[in-house]
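Note sheet for the following structure.
The values are calculated or read from the model by the stated rules, or taken from the named source; none is laboratory data. Computed from a prediction, not measured in an experiment: that's the story for all the values here. Because the Cβ atoms are built from the backbone with ideal geometry, glycine has one as well, and the counts that use them run over all protein chains shown.
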Amino acid sequence: MVFLRSVSSDFGPSVYADGIRLRAPQTADYAAWAELRARSRAFLTPWEPTWPSDDLTRTSFRRRIRRYVQEIREDLSYPFFAFSEETGDLLGGITLGNVRRGVTQSAAMGYWIGEPHANQGFMSLIVPAITEFAFSRLRLHRVEAACLPTNQASIRLLEKSGFTQEGYARRYLCINGAWQDHLLYAMVHDDPRSRAR
């Protein structure tokens, strides 16, 4: 069972789920983030866009934080870093991006986990918690996600969390330097799902 509560602060919303705290990234997270991303680079590279040459620098991270703050303020995107409440370790991140209001009320979800924390069930707690946040706090109608057809871990995660495969998009996103096909998944607010409690 997942225990979920969410609160707001000057840095944006926080979500708590079964020993994991999800909150907006902050400037003070740089060292932990850069260390985890550097350590996980080979593990993440096949699944992510090509990293800029300055990606792990403090200056680049500051720019990232400024962009996050602006996007939260403008209701465009909700980035979260996930931390173990027991150890304080940064586990990974998840974002509800491309928030669309009006008749759509939807967002696109993307996520990553640091290699030392992979295959330990953390994302199986994080994804349902953020999905519940999207529907209950943000009042979204639909959350979408896409993954490479070869990413079996992501496919299992999305399907276990209640997402439905809706399509196949040819050369959908530029991942690791190449335009790659993706499986398209979505969940709407009244679908059965791994409901956070």
- Item | Number of the exception - residue 40 against (1) buried (at least 17 other Cβ atoms within 10 Å of the Cβ); (2) free of Cβ contacts under 8 Å to residues at least 60 places away in the same chain; (3) of a type in the set (Gly, Ala, Ser); (4) touching an Asp or Glu at 6+ places or on another chain (Cβ under 7 Å) | (2)
- Restricting attention to region 167-179, the residues that are of a type outside the set (Val, Ile, Thr) and closer than 14 Å to residue 110 by Cβ number exactly 3
- Task: With the condition kept exactly as written, say whether any residue in region 24-35 is part of a strand (DSSP E or B), touching a residue at least 40 places away in the same chain (Cβ under 8 Å) and within 21 Å of residue 128 (Cα to Cα).
- Result: no
- Report yes if residue 60 is surrounded by fewer than 20 Cβ atoms within 10 Å (Cβ to Cβ), modelled with pLDDT of 95 or more and under 13 Å from the mean Cα position of the chain (by Cα), otherwise no. no
- Item | Any chance residue 49 is modelled with pLDDT of 95 or more and buried (at least 17 other Cβ atoms within 10 Å of the Cβ) | no
- Message: Pull out all pairs, ordered by first then second residue, where Cβ-Cβ is under 8 Å, the residues are six or more apart or on different chains, the first lies in region 92-104 and is more than 11 Å from residue 71 (Cα to Cα), and the second is acidic (Asp, Glu) and exposed (fewer than 14 other Cβ atoms within 10 Å of the Cβ).
- Response: 101/75
- Item | Of all residues making up region 165-195, the number that are in contact with a strand residue (DSSP E or B) (Cβ under 8 Å, 6 or more places away or on another chain), without any contact (Cβ under 8 Å) to a residue 40 or more places away in the chain and closer than 28 Å to residue 50 by Cα | 13
- Take the residues in region 128-146 that are farther than 14 Å from residue 13 by Cβ and without any contact (Cβ under 8 Å) to a residue 60 or more places away in the chain, then tell me which one is surrounded by the most Cβ atoms within 10 Å (Cβ to Cβ). 143
